């Protein structure tokens, strides 16, 4: 639910988002002040109302990831944990070379073992610490790490890193049954878990620490974002000002300039398929994306046309 408070400066943006959801056919409705306050005693007296999408916040991402992995295993897939792909294997006229990811992905070219330029040939697999893995088709779903990983092929996949930071509070009595969002820039969102803790995050656009995030999968949290989020929590829910935050964590997402993912086969390397750049919507898009990419790999036509999500669209913008 998107909450609106008296004195908010971004009411027009919130109203436009509400109308957009209506036009797209979502189950969304506007609640007045009394209806909103009835949902939770946490909401302050200066609440004006808000729009409610009842199905928001219903998925536990961690449990979903485990469920998808178990499902893949049931269908014959093999999940290799803690086994990073460290290089592409490219079959060149002189033999197979390992094309390693570039640290400066915006620069065309490659740093390869025994090769100073982008290798010419077919991608035949990946290198891992446990040995080479050969394949006929390769799906690269590395979010912002897709860009440096594919740069050795002379490709620039413009997916930039953006970190999200979140924390969970100590267990509390039942306070709300809906997921909530407040603000636009910055913003916070929160949801009470079954165990009573409030999971609260936000202020992602204010995290400007840049491409160094690609160097650390751990994506440690930062004090500046913590202060923004905690200050907003205290403003929207003064009664939570003294509640203990028991754990913070962060994660890196992949963003594109048009906020759409990069999906489909790559020109010049038709056996390489990308699935990246989902912005904050990776969990929401996962089921449909999985079906679409499976269709691409098996030679079927996806139910959702993928041309609008092709890497080619960025070449058209740059032309």
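Only the coordinates and a few stated rules stand behind these numbers; no lab work does. Small disclaimer: the values here were computed from a predicted structure and weren't measured. Reconstructed Cβ throughout: ideal geometry from the backbone, glycine too, with neighbour counts over all protein chains shown.
For the chain, what size does the Cα cloud have along each of its three principal axes, sorted from largest down, in whole Å?
Projected onto its principal axes, the Cα set of the chain covers 73, 44, 39 Å.
With the calculation restricted to Cα positions, what are the radius of gyration and Dmax of the stretch 192-307 in angstrom?
Rg and Dmax of the stretch 192-307, Cα atoms, are 19.0, 58 Å.
Under 10 Å, Cα contacts only: if you run a Gaussian network model on the chain, which one of 27, 15, 156 comes out with the highest mean-square fluctuation?
Of 27, 15, 156, the most mobile in the Gaussian network model is 27.
How many percent of the alpha carbon pairs in the stretch 157-200 exceed a separation of 15 Å?
On the way: 496 of 946 pairs.
Pairs farther apart than 15 Å: 52 percent.
Counting other beta carbons within 10 Å of each Cβ, put 159, 252 in order, fewest first. Intermediate values should be presented prior to the final figure.
Numbers: 159 27, 252 17.
Ranking 159, 252 by Cβ neighbours within 10 Å, fewest first, gives 252, 159.
Let me know the Kirkwood hydrodynamic radius for the stretch 136-268, please, with Cα pairs as the basis and the value in Å to one decimal. Provide the component values of the computation, followed by the final result.
On the way: mean 1/r = 0.0596 Å⁻¹.
After inverting the pairwise mean of 1/r, the radius is 16.8 Å.
Want the number for residue 75 to residue 130: 0.36 nm per residue separation, take away the alpha-carbon distance, what's left? Mind showing how you got there, number by number?
Details: separation 55, 0.36 × 55 = 19.80 nm, distance 2.34 nm.
Additional length available on full extension: 17.5 nm.
Taking the chain as the reference, fit the longest principal axis to its C-alpha atoms, fit the long axis of helix 282-298 to the helix C-alpha atoms, and give the angle between the two in degrees, 0 to 90, nearest 10.
Helix 282-298 and the main axis of the chain meet at about 30 degrees.
Please build a GNM for the chain, connecting alpha carbons under 10 Å apart, and tell me which residue among 90, 133, 168 fluctuates the most.
Among 90, 133, 168, the largest GNM mean-square fluctuation belongs to 133.
Quick one: if the Förster radius is 51 Å, what FRET efficiency do residue 29 and residue 92 give, using the C-beta to C-beta distance and rounding to 0.05? Walk me through the numbers on the way to the answer.
Working: r = 59 Å, r/R0 = 1.16.
Step by step, r from the Cβ atoms, then E = 0.30.
From Cα pairs below 8 angstrom and at least 6 apart in sequence, can you work out the relative contact order of the chain, rounded to a whole percent? Could the numbers behind the result be given before it?
On the way: 580 pairs, mean separation 48.4, N = 319.
It comes to 15 percent, rounded to a whole number.
Among 193, 274, 301, which one shows the biggest mean-square fluctuation in a GNM of the chain, springs joining Cα atoms closer than 10 Å?
Maximum fluctuation in the GNM of the chain, among the listed residues, is at 301.
Given Cα pairs under 8 Å that are at least 6 residues apart, what percent is the relative contact order of the stretch 1-159? Don't skip to the answer; put the middle values down first.
On the way: 234 pairs, mean separation 26.9, N = 159.
Computed over the stretch 1-159, the figure is 17 percent.
At q = 0.14 Å⁻¹, what log₁₀ I(q)/I(0) does the stretch 231-282 have when each alpha carbon counts as one equal point scatterer in the Debye sum?
Normalising to I(0) and taking log10 leaves -0.62.
Would you mind listing how long the stretch 267-319 runs along its three principal axes, going by Cα atoms, in whole Å with the largest first?
Taking the Cα atoms of the stretch 267-319, the three principal extents are 33, 28, 17 Å.
Counting pairs of Cα atoms in the stretch 1-156, how many percent are more than 24 Å apart?
Working: 7101 of 12090 pairs.
Distances greater than 24 Å cover 59 percent of the Cα pairs.
With angles folded into 0 to 90 degrees, how steeply does helix 11-23 sit against the dominant principal axis of the chain? Use alpha carbons for both and round to 10.
That works out to roughly 60 degrees.
Using only Cα atoms and rounding to the nearest 10 degrees, what angle (0 to 90) does helix 223-236 make with the longest principal axis of the chain?
30 degrees
Using packing as a proxy for protection, rank 68-74, 177-183 so that the peptide with the highest average count of other Cβ atoms within 10 Å comes first.
On the way: 68-74: 11.7, 177-183: 19.9.
In decreasing order of mean packing, 68-74, 177-183 become 177-183, 68-74.
Compute the Rg to Rh ratio over the stretch 39-104 from the alpha carbon atoms, using the Kirkwood formula for Rh, and round to two decimal places.
Dividing the radius of gyration by the Kirkwood radius yields 1.32.
Over the stretch 1-72, what lengths in whole Å, largest first, do the semi-axes of the equivalent ellipsoid take, defined as the square roots of 5 times the eigenvalues of the alpha-carbon gyration tensor? Each step should come with its number before you reach the end.
On the way: eigenvalues 177, 52, 24 Å².
Result for the stretch 1-72: semi-axes of 30, 16, 11 Å.
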